Amino acid sequence: MATVTLRGNPVEVAGKLPAKGEQAPALQLTGGDLAEATLASFAGKRKILNIFPSVDTPTCAMSVRKFNEKAAALADTVVLCVSADLPFAQKRFCGAEGIENVVTLSTFRNPAFAEAYGVKLASGPLAGLTARAVVVVDADDKVLHSQLVAEIADEPDYEAALATL
């Protein structure tokens, strides 16, 4: 079990973050249209999984905005913004912000994702949500980069993630 912090307080994280070179674990998440999405739904594309607790927090919202901006010009790449927020809230946020270059996916029907990707907050006030992490996967679903952000309130290393593409 990994440990991260939330405003300096230790929080346990269950599961194992996929490591560079490994095959990405299977995933099933709920899209904005309430249909289930898997890695196969984005076959042939490189995938940036921007994983965070909730779009209703400032740092999480910023990560969606930044990946929307930075990844827009990348060919054959999709940014998957994953949180426990309901698809309705994700869609409302993106609409209000003018965000069109990311795909929002929810863990609400598929909580097993969090442990499979090593991001399940197992303790602390956000227990049950996902830790902040970025996993970059190539078109064949092999992990190119992964980062479990040590302090949940901090932004991920966008440049390191994008540099792998």
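The values are calculated or read from the model by the stated rules, or taken from the named source; none is laboratory data. In this text the structure is predicted, and so the values were computed from the model without any measurement. Using ideal geometry, Cβ is built from the backbone for each residue, glycine included, and neighbour counts are taken over all protein chains shown. Surface accessibility is based on the protein's heavy atoms, side chains included, excluding ligands, DNA and RNA. Shrake-Rupley method; radii C 1.70, N 1.55, O 1.52, S 1.80 Å.
Within segment 3-31, work out how many residues are crowded, with 18+ Cβ neighbours inside 10 Å and either small (Gly, Ala, Ser) or not in a strand (DSSP E or B) (or both).
So the count comes out to 6.
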With respect to the numbered conditions (1) closer than 18 Å to residue 128 by Cα; (2) in contact (Cβ under 8 Å) with a residue 12 or more places away in the chain; (3) surrounded by fewer than 17 Cβ atoms within 10 Å (Cβ to Cβ), which one is the sole condition not fulfilled by residue 85? (3)
Restrict the check to segment 63-74 and report whether at least one residue is over 28 Å from residue 139 (Cβ atoms) and assigned to a loop (DSSP other than H, G, I, E, B). no
Pairs only if they're at least six apart or on different chains, beta carbon under 7 angstrom, first in segment 18-44 and at positive phi, second in a strand (DSSP E or B) and open to solvent by less than 40 Å² (accessible area, probe 1.4 Å); list them, first residue then second. 21/143
Would you point out the residue of segment 119-133, among those that are among the small types (Gly, Ala, Ser) and either without any contact (Cβ under 8 Å) to a residue 60 or more places away in the chain or out of contact with any Ser or Thr (no Cβ under 8 Å at 6 or more places or on another chain) (or both), that is least open to solvent (accessible area, probe 1.4 Å)? 131
Considering only segment 134-156, I want to know if a residue exists there that is in a loop (DSSP other than H, G, I, E, B), open to solvent by 20 Å² or more (accessible area, probe 1.4 Å), in contact with a Lys or Arg (Cβ under 6 Å, 6 or more places away or on another chain) and at pLDDT 95 or above. yes
Of the conditions (1) at pLDDT 95 or above; (2) touching a Phe, Trp or Tyr at 6+ places or on another chain (Cβ under 8 Å), the single one that residue 66 does not satisfy is (1)
Can you find, within segment 64-73, the residue that is farthest from residue 153 (Cα to Cα) among those that are hydrophobic (A, V, I, L, M, F, W, C) and open to solvent by 50 Å² or more (accessible area, probe 1.4 Å)? 73
Can you tell me which residue among 34, 80 is modelled with pLDDT of 95 or more, hydrophobic (A, V, I, L, M, F, W, C), open to solvent by 30 Å² or more (accessible area, probe 1.4 Å) and touching a helix residue (DSSP H, G or I) at 6+ places or on another chain (Cβ under 9 Å)? 34
Is one or more of the residues making up segment 35-50 within 23 Å of residue 150 (Cβ to Cβ) and in contact with a Lys or Arg (Cβ under 8 Å, 6 or more places away or on another chain)? no
Taking residue 61 as the residue in question, decide whether it is modelled with pLDDT of 95 or more and either among the hydroxyl-bearing types (Ser, Thr, Tyr) or surrounded by fewer than 17 Cβ atoms within 10 Å (Cβ to Cβ) (or both). no
Count of segment 32-60 residues which are farther than 24 Å from residue 74 by Cα and assigned to a loop (DSSP other than H, G, I, E, B): 7
Name the single residue, out of those in segment 111-123 being assigned to a loop (DSSP other than H, G, I, E, B) and modelled with pLDDT of 95 or more, that is nearest to residue 92 (Cα to Cα). 119
